[in-house]
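Chemist: Submitted below is the structure of interest, expressed as structure tokens.
The values are calculated or read from the model by the stated rules, or taken from the named source; none is laboratory data. Only a predicted model underlies this, so the values are computations on that prediction, with no experimental measurement involved. Cβ atoms come from the backbone with ideal geometry, glycine included; neighbour counts cover every protein chain shown.
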Amino acid sequence: MKVEPRNPLYLLLLLASLVFTVTALAYAVIPVLEEKSASGQPVPQTALRTHGGTWLLWELAAVGVLAVASMWVDHLRSLKKDAAAGTIAPVEAAPEAKTDAK
């Protein structure tokens, strides 16, 4: 039995999801760090405070695009596999529609 190659988009999807998760967690933790700064503890000033929401939206879009692309590649591979196995019937030309001219 021939082993199918792995979909390379799965790795990219996994990495994009991981980056999104880390960014979302950091974005949620920053307000807690800011509360601690009121008690005299220093808070690291990061670009995440100012651009975190935009980053999250872009990362979410990347996850969505990669998810759809992964599904599309899998769908194409399954069609190609089924066509090679002969389980998909060839498409026949549709009969011409008759029109009544009055």
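Chemist: What are the residue pairs meeting all of these: first residue in region 1-24, first residue under 22 Å from LEU76 (Cβ atoms), second residue modelled with pLDDT under 95 and β-branched (Val, Ile, Thr), Cβ atoms under 9 Å, and 6 or more apart or on different chains?
Modeler: Qualifying pairs under 9 Å: ASN7/VAL73; PRO8/VAL73; LEU9/VAL73.
Chemist: In region 1-28, which residue that is in a helix (DSSP H, G or I), touching a helix residue (DSSP H, G or I) at 6+ places or on another chain (Cβ under 6 Å) and at pLDDT below 90 is farthest from ARG49 (Cα to Cα)?
Modeler: ALA26
Chemist: Return the residues of region 60-79 that are free of Cβ contacts under 8 Å to residues at least 12 places away in the same chain and either under 29 Å from TYR27 (Cα atoms) or not in a helix (DSSP H, G or I) (or both); say none if nothing qualifies.
Modeler: Within region 60-79, ALA61, GLY64, VAL65, VAL68 meet the criteria.
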